[in-house]
Amino acid sequence: MTYAIISDIHANLEALEAVRSELERIGPDKILCLGDIVGYGASPSKCIEITRELASVTVGGNHDCGVTGLTDITYFNRYAREAIIWTARTLDDAGLEFLRELPLSHVEGGQFRIVHATPQDPGRWNYIFTHQQAMDEFKAFSEQICFVGHSHQPCIFEMMDAETIIMNSDNVKIREDRRYIVNVGSVGQPRDSDPRTCLCIYDDEQGEITIRRIAYDIEQAQTRIKEAGLPPVLANRLSWGE
Ligand code: ZN
């Protein structure tokens, strides 16, 4: 099977359309979404609609849960909070209901796990940046691979025995004797200084994980963020991928 795993769309329709075109070209067997469909961007309703069409499973992210009141929004920074309040006003009841029902963790076919933030406590919205954080998280799931989002920085942690390596590669061959935490990056608001949209392909027969980047119409996404009256910083940062 070939899986496409996408995350952190953040209501960026232009980025999601570019990803959808790429997915039509690749033709994965299954598409999974790691949450944060909304927040920051100007197209929450449309992005929910497209994600529902594309993804067979979506897990909830902190922005999704902030919008529905399941997560306290005082924890977000000022701009994120403004966008969450705007999003909650913009969505219709069906959109809000969809976000409210999202699970926080899912095991796909008994084979690998998906969460937005961390497998250990997915509703606390912690991040995995360091070796030590990755080691703690490996203890919290039993599958070989866990796919995560949340940081908007694609990254692969490989664990062998009691050690974790951070792999700065966009292509990794899965080894039977090792385990993996894979951050699939962000569709709609990359923060690794590469402004292109990001998605992950996992081929379980070839045992291969690939991170792909695609250019999209950033200017159009920025124009619509500004036109919606959202904080301009949320538009500007898309240019730098930060
Ligand atoms: Zn996010």
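The values are calculated or read from the model by the stated rules, or taken from the named source; none is laboratory data. From a predicted model like this one, the values you see are computed outputs, not experimental measurements. Virtual Cβ from ideal backbone geometry, glycine too; neighbours counted across all protein chains shown. When the accessible area is computed, the model is the full protein with side chains, heavy atoms only, and any ligands, DNA or RNA have been set aside. Shrake-Rupley method; radii C 1.70, N 1.55, O 1.52, S 1.80 Å.
Restricting the calculation to Cα atoms, the range 106-196 shows an Rg/Rh of 0.94 when the hydrodynamic-style radius is the Kirkwood one. Springs join every pair of Cα atoms under 10 Å in this Gaussian network model of the chain, and among 176, 53, 143 the largest mean-square fluctuation is at 176.
Largest mean-square fluctuation among 168, 126, 12, in a Gaussian network model of the chain whose springs join Cα atoms under 10 Å apart, belongs to 168. Spread over its residues, the convex hull of the C-alpha atoms of the range 2-240 is 109 Å³ per residue. With both residues required to sit in the chain, DSSP beta bridges show an antiparallel share near 70%.
A simple rule links phi to the HN-Hα coupling: the Karplus curve 6.51 cos²θ - 1.76 cosθ + 1.60 with θ = phi - 60°, which for the range 192-206 gives 10, 6, 10, x, 5, 5, 9, 8, 10, 10, 10, 9, 7, 7, 6 Hz, with x for Gly and Pro.
Potential lengthening of the chain between residue 131 and residue 21 amounts to 36.1 nm, from the contour at 0.36 nm per residue minus the alpha-carbon distance. For the chain, with all protein chains in place and a probe radius of 1.4 Å, 45% of the accessible heavy-atom surface sits on carbon or sulfur.
Would you mind working out the magnitude of the charge dipole of the chain relative to its Cα centre, with +1 at each Lys and Arg C-beta and -1 at each Asp and Glu C-beta, to the nearest 20 Debye? That gives a dipole near 540 debye.
Within 12 Å, Cβ to Cβ, of residue 99, how many net charges do the neighbouring residues add up to if Lys/Arg are +1 and Asp/Glu are -1? Every neighbour counted, the sum reads -4. Given a Förster radius of 41 Å and the C-beta distance between residue 52 and residue 165 as r, what FRET efficiency does 1/(1 + (r/R0)^6) yield to the nearest 0.05? The value I calculate is 0.65.
Think of the range 1-159 as a dipole: +1 on every Lys or Arg Cβ, -1 on every Asp or Glu Cβ, centred on the Cα centre; then among 54, 37, 76, 76 lies furthest on the positive end. With K and R counted +1 and D and E -1, the other residues having a Cβ less than 15 Å from that of residue 75 yield a net charge of -2. Taking amide hydrogens as placed 1.01 Å from N in the peptide plane, the amide H of residue 38 sits under 5 Å from those of 10, 11, 64, each at least 5 positions away in sequence or on another chain. Calculated accessible area for the range 2-240 comes out at 42 Å² per residue, all protein chains present (probe 1.4 Å; ligands, DNA, RNA ignored).
Distance between the modelled labels on residue 2 and residue 120, one decimal in nanometres: 3.6 nm (7 Å Cα→Cβ projection).
The alpha carbon centroids of the range 153-213 and the range 215-242 are separated by 26 Å.
The label point for residue 223 and the one for residue 79, both projected 7 Å from the Cα toward the Cβ, are 2.1 nm apart.
Note on the range 1-94: Cα-Cα pairs beyond 24 Å make up 20% of the total pair count. Were the residues from residue 205 through residue 175 laid out at 0.36 nm apart, the gain over their Cα-Cα distance would be 9.6 nm.
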